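Just so you know, all these numbers are worked out from the coordinates, no wet-lab data involved. Since the model is a prediction, treat every value here as computed from it, not as a measurement. Note that we place each Cβ from the backbone using ideal geometry, even for glycine, and neighbour counts take in every protein chain shown.
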Amino acid sequence: MPVRNRLTGFRESFLHPFLGGFLICALLMFSPGCNYYKVSQPKYSNPSTLEAYSERGKIFYLISGEEAFRLKGLLTKEDVITGFVEPQPDYKYHLTTNPRGANRYIQRTDGKEARLLKHVLLYVPDYEPNPDGMVEIPFETIEKIELYDEATGATMASWLLGTAVLVGLTAVIMTAVAVAVKGSCPFIYTFDGEGYAFGGEIFSGSTLPQLERHDYLKLAMPDRERDEFRMIIANEVREIQHTNQLELLVSDHPLGVEIHADKYGRVHALQQIMPPVRAVSFTGEDALSMVAERDDLSYIGMGRGGLDELTDGLILEFPDPGTATEARLVVRAKNSILLDFHMGRFHELFGRAYSRWHNKQLATPARELQQWIRDQNIPLSVFVEKDGQWEYVDYYHVAGPMALKEDVLSIPLDEAGEGPLRVKLESGRFFWEVDFAGIDYLPDAQTLTRYIPASSAIDHTGEDISQLLAGDDGLYYVQPLVGDEAVVNFRLPPLAGEERSLILHSKGHYHILREPAGRPQLSSLRTFREPGRFNRFVNDYMLSVADGPGKTQGKK
């Protein structure tokens with residue numbers, strides 16, 4: 001019970017506001033140009049709220065009058081907040097921020113100003129600092145708690161138009177964002193010795209049984225000497241989740257080696273991942289600072305110059321591969337919330353006929369469903385330049401919108417030619433965010449990889465469901481309701497290398513529950529058989545938001 005209570009508090013203080021808009025706003029947080037933030041207050045206000053913020057890497061400031069103090073090492077015990085404070089005489093955001101509107105900040109490549117989006121302000125009147133810097137604050141003395149969140153509508157306007165915020169746009173975008181968070185996939189939480197942290201989502205995009213697939217999610221390994229690994233698989237949204245298999249890939253390897261598994265189940269031990277030397281958008285904008293490092297700065301789309309384009313992506317240039325015959329391309333990326341939102345808009349076109357259409361989809365061959373997905377540019381596709389032409393190589397599976405995910409694909413180089421390797425990443429516009437891309441030309445390092453089944457798996461009713469997760473056998477752990485979850489334990493073998501990496505191997509599918517109403521829009525729906533029609537559907541909407549209603553009508 002203590003584990004479940006801890007997780008429930010984590011959900012209430014973190015995930016539900018998270019789903020309600022906090023990380024949705026992060027979609028636009030690192031776009032080029034002007035960005036905007038606003039003041040908000042937590043939906044839940046209690047000591048566990050602050051603990052959850054601390055686990056998420058939030059930066060705390062104690063505000064008393066006009067004075068500001070940085071609060072470090074925050075802990076809560078018996079409703080008392082403890083920590084250490086440092087005076088911050090140059091901190092002025094609490095004095096200059098408009099609490100009722102959008103406030104502008106500049107997203108520089110160093111991310112300095114963007115860090116204000118991690119700030120949590122605790123207002124404590126009549127605070128007197130101790131000489132030793134230690135502080136004990138009864139929670140009841142905190143007058144209010146403020147967060148600085150992305151002002152999504154204002155930022156969207158700036159991003160799309162390159163001008164000041166448009167009156168009325170905020171309500172449109174915020175409504176769209178609220179509707180967007182209506183489907184995902186199983187969420188994974190991992191235990192770090194003190195609490196559970198969100199680790200990612202699995203088999204994203206597998207919304208029908210025919211689309212069930214294997215998924216490989218890299219997980220954090222806080223202690224290489226640990227002999228047990230614990231995680232939770234949870235249903236957090238309105239859908240029915242079916243998990244066929246869940247096991248852990250445990251790889252022991254030398255220092256400096258990165259372990260990744262591709263969508264085919266091949267484990268790669270990468271020794272020298274190099275960032276691109278050049279990266280540009282399809283419109284020629286420099287994007288190298290956005291994808292050269294694993295950080296909080298992502299490429300999320302081209303500027304105004306490509307507003308009517310249906311696809312988007314990056315052209316990456318890597319050092320000459322020399323005599324290498326194969327490269328492994330690593331990306332750290334995720335889908336945007338906008339992809340979920342527009343898929344929801346598409347489903348609304350079916351109206352009350354949605355259930356009948358969904359049942360028909362259940363009888364559609366997998367190859368037809370997969371072809372439609374590729375025709376609408378939903379995956380992140382990879383091309384290599386050969387003799388001045390782009391040749392298709394492969395694609396990355398849908399990653400989901402909730403967390404950046406690392407993935408790898410192999411690229412054959414036998415006919416790549418001499419000189420730098422040029423790679424193109426392409427998808428439907430507004431569908432992906434790319435944080436990092438890197439290449440490795442070296443052969444895989446020597447590793448020891450073992451596949452570990454769950455030693456126990458207990459669902460929220462106390463039932464042992466470990467046999468349902470034991471293999472790819474058609475037996476499923478089914479989670480039909482929000483809040484359904486299971487605690488899964490793995491016994492780890494003794495360490496047989498300098499470092500250890502963990503990858504969660506899963507297989508399954510899920511059914512997003514939707515209930516659209518009204519008459520089906522048959523004439524419009526027939527057009528979605530055409531390649532790229534969903535991309536036009538998305539782009540027309542985004543153009544209508546940017547230009548005002550009635551200016552993009554009639555496009556097919």
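Phi angles of the stretch 240-257 translate, via the Karplus equation with coefficients 6.51, -1.76, 1.60 and θ = phi - 60°, into HN-Hα couplings of 10, 9, 10, 9, 8, 8, 8, 8, 10, 8, 10, 10, 9, 7, x, 4, x, 8 Hz per residue; Gly and Pro are given as x. Under a 5 Å amide H cut-off, with hydrogens placed 1.01 Å from N, residue 394 pairs with 382 among residues at least 5 apart or on other chains. In straight-distance terms, cross-link reach from residue 58 covers every one of the aspartates and glutamates whose alpha-carbon lies under 13 Å from its own, apart from those fewer than eight places away in the same chain; here that gives 146, 149.
Using the beta-carbon distance between residue 496 and residue 143 and R0 = 51 Å, what value does 1/(1 + (r/R0)^6) give for FRET efficiency, to the nearest 0.05?
Values: r = 55 Å, r/R0 = 1.07.
After rounding, the FRET efficiency stands at 0.40.
Candidate cross-link partners of residue 386 among the aspartates and glutamates, defined by an alpha-carbon separation under 12 Å and a same-chain spacing of 8 or more, comprise 414, 415, 418.
Quick check: residue separation of residue 473 and residue 326 times 0.36 nm, minus the Cα distance between them. What number comes out in nm?
Net length gain for the segment: 49.5 nm.
Between residue 255 and residue 88, the modelled label-to-label distance comes to 3.6 nm, taking each label 7 Å out from Cα in the direction of the beta carbon. Please work out the C-alpha center-to-center distance from the stretch 439-470 to the stretch 224-296 and express it in whole Å. The distance from the Cα centre of the stretch 439-470 to that of the stretch 224-296 comes to 15 Å.
So between residue 524 and residue 458, what do we pick up on full extension, going 0.36 nm a residue minus the alpha carbon distance? Write down the numbers at each step before the final one.
On the way: separation 66, 0.36 × 66 = 23.76 nm, distance 4.64 nm.
Gain on extension, residue 524 to residue 458, equals 19.1 nm.
Close amide-amide hydrogen proximity is noted between residue 484 and 235, each under 5 Å apart and 5 or more residues distant or on a separate chain (H modeled in the peptide plane; Pro and chain starts excluded). Pairs from the table (334/424; 360/424; 118/507; 72/92) lying more than 25 angstrom apart at Cα are 360/424; 118/507.
For the stretch 463-476, backbone phi angles converted through the Karplus equation (6.51, -1.76, 1.60; θ = phi - 60°) give residue-by-residue couplings of 7, 7, 10, 4, 5, 5, 9, 6, x, 7, 10, x, 8, 10 Hz, Gly and Pro being listed as x.
Straight-line reach from residue 77: taking Cα to Cα under 12 Å and skipping same-chain neighbours fewer than 8 places apart, the aspartates and glutamates in range are 51, 136.
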